[in-house]
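Following: one structure in structure tokens, then a few remarks.
Where a number appears in this text, it was derived from the coordinates with a stated rule and is not lab data. Model, not experiment: these values are computed from the prediction. Methodologically, a virtual Cβ is constructed for each residue, glycine included, from the backbone with ideal geometry; neighbour enumeration extends over all protein chains shown.
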Amino acid sequence: MKKCKKGLSLLVALMLLMSMTMAFTTTAFAAGTSVITINQPASDTVTNEGQVFSAYKVFDLTYAGDAYTYTVAADFKAFFSDPPDGLGLNGAMTDPQIAGVISSHSNDGVEIRALGDALAAYIDAHRLTVLPEKSAPGTKTGATTITGLDLGYYLVTGSVKIDGTETTVVASCSLTSTTPNASITPKVDVPSIEKKVNGDATDNGSIGDKVEYTITAKVPENLALYDSYTFTIHDKMGAGLTFNNDVDVRVGITEFSASGDYTLTTVISPVTDETTITIALNNKKILNHMGETVVVTYSATINEKAVVKGMGNSNEAYLEFSNDPFNTGTGTTVPDITNVYTYEIDVFKYTKEGETDKPLANATFNLQIAGGDDIGVKLMATGDGTNPSVYRHMNAQEKAGGAVSDIIITPLSGKIKIVGLSEGSYTLTETRAPDGYNLLPDSIGVRITAIDNNANFKVTYGADGEGTIRVLNLSGTEFPGTGGIGRTIFTIGGTILMAGALAALYFRRKTDE
């Protein structure tokens, strides 16, 4: 006998088989008046719109008094004369014997699913000669009805749109005099995908920090019609993230190997610096993991190209999967997007001239993680009388290579900006004051707090400061000039000297006497 396609069950299948009882009391029923109704799938992302559903009669139903008989329809005699393995059928069976085997199967059970899969494959292989009894177009809303059908056992084939991607569906039903109409609701079983960064949809970090990504996808439970099945994860990360090439793939309890279980491809765009990662699971081996969960983990490092504030540094993943067991077509899931954000602080160094804030240049600072080391910075842009000098957190390579941190120094505008910082507590320390001004005696505590699910942040400092860190410097102690206080010093000094001379003269006279 012919071999049925290998697999476990159809990608999306609904087997609705009404029992094929061999005798019962009948009622008069007009030919060509039965209806099969295909309901809209119970999902906001799935629709019958633009699809065509076709009803193929597999068995004719004939009556003789109170009894009725199922006979194999002409288009399917060749199928049942040499049925695929695994269906409990053989080519020597009579029509009543075949009907008896099929009627013993439970609704939506493994056996009836396998039969529906095999019949659908047969139809596809003989599409020029095996034609539907009736067809009807799907609609965006409401049910689709295939009308004008005679009684019999039917296989309904078609497809649904899942997020705009067509996916094959198969269903079977029996139309009898007591149940002349049937209703079908496609059960959708398609792959899904979810992406997390550090266990959540968003997170934040400093330049140089490593972030962990987890992609979770589900293999469909119904893959019987497939000889091979495409299951490819496409992942794209922004220029501000550096892929660390440390992919780990597990399907259920099985660890997949890069040496044959999956293929990893990495491409970095020379234009955008975005990194595209493709993880294509072996399209044969995935058939052995029906219904199992695929977990892919890898890491990336936030680099000096990271977007600060704003839209963050996105990473999106989507799944490409087979959606037609009879062709090589594929569908895709809607991308799942994660974001990693990084933040900044602004510092303004100034003194007071009356009510006016006067910017101070040439003050130097260090920024440390609270209770820890200097973060290490590199100058990105030198400021002027209007704009700040911009520094960024050192990247991972600079840190690892022992690069020397640049000195944070205020330009004429008195403004500095330090970017690429994560949420957390920091210490800002003035290491040199401008000439003629006092060095700050104490460091300034700074706190960056992520808000709005990491998409925004706020900066607080000192006792109650918020926003730009304003650092006021006072002028240093002045030496005395040539005014009154100087004359007083000399007058006092002269008086003391004169008093000493008189005392010495007095004691000398006493000695002479």
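Order these by the 10 Å Cβ neighbour count, fewest first: S104, S314, S34, S174.
Values: S104 13, S314 19, S34 26, S174 22.
Ordered by Cβ neighbours within 10 Å, fewest first: S104, S314, S174, S34.
Taking other Cβ within 10 Å of each residue's Cβ, how do V110, V390 sort, fewest first?
On the way: V110 13, V390 19.
Starting with the residue having the fewest Cβ neighbours, the order is V110, V390.
Once the piece of chain linking N107 and N438 is laid out straight, how much longer is it, given 0.36 nm per residue of separation minus the C-alpha distance between them? Kindly include the intermediate steps, with their values, before the conclusion.
Numbers: separation 331, 0.36 × 331 = 119.16 nm, distance 8.69 nm.
That works out to 110.5 nm of additional length.
Please rank V267, V101, fewest neighbouring Cβ atoms within 10 Å first, as an exposure proxy. Walk me through the intermediate numbers first.
Details: V267 11, V101 18.
Lowest to highest Cβ neighbour count: V267, V101.
Using a basic spin-label model with each label point 7 Å from the Cα along Cα→Cβ, how many nm lie between T185 and Y63?
That separation, rounded to one decimal, is 3.1 nm.
Here are some pairs, K358/K458; K140/K309; K196/K284; K161/K210; K140/K285; which of them have Cα atoms lying more than 30 Å apart in this structure?
Numbers: K358/K458 25 Å; K140/K309 41 Å; K196/K284 28 Å; K161/K210 39 Å; K140/K285 36 Å.
Over 30 Å apart, Cα to Cα: K140/K309; K161/K210; K140/K285.
Using 5 Å bins from zero, what percent of all Cα-Cα pairs in the stretch 343-472 falls into each bin?
Reading upward from the zero bin: 2, 10, 20, 24, 22, 13, 6, 2, 1, 0.
Report the far tail of the P(r) of the stretch 377-418, meaning the percent of Cα-Cα pairs longer than 11 Å. Provide the component values of the computation, followed by the final result.
Details: 522 of 861 pairs.
Taking all Cα-Cα pairs of the stretch 377-418, the fraction more than 11 Å apart is 61 percent.
Once you have the Kirkwood Rh of the stretch 34-184 from its Cα pairs, apply Stokes-Einstein at 37 °C and 0.692 mPa s and quote D in µm²/s.
So the translational diffusion coefficient is about 203 µm²/s.
Enumerate the amide H contacts of V58 below 5 Å, restricted to partners 5 or more residues apart or on another chain; note that Pro and chain-start residues carry no placed amide H.
The list, which skips near neighbours in sequence, is Y153, Y154, L155.
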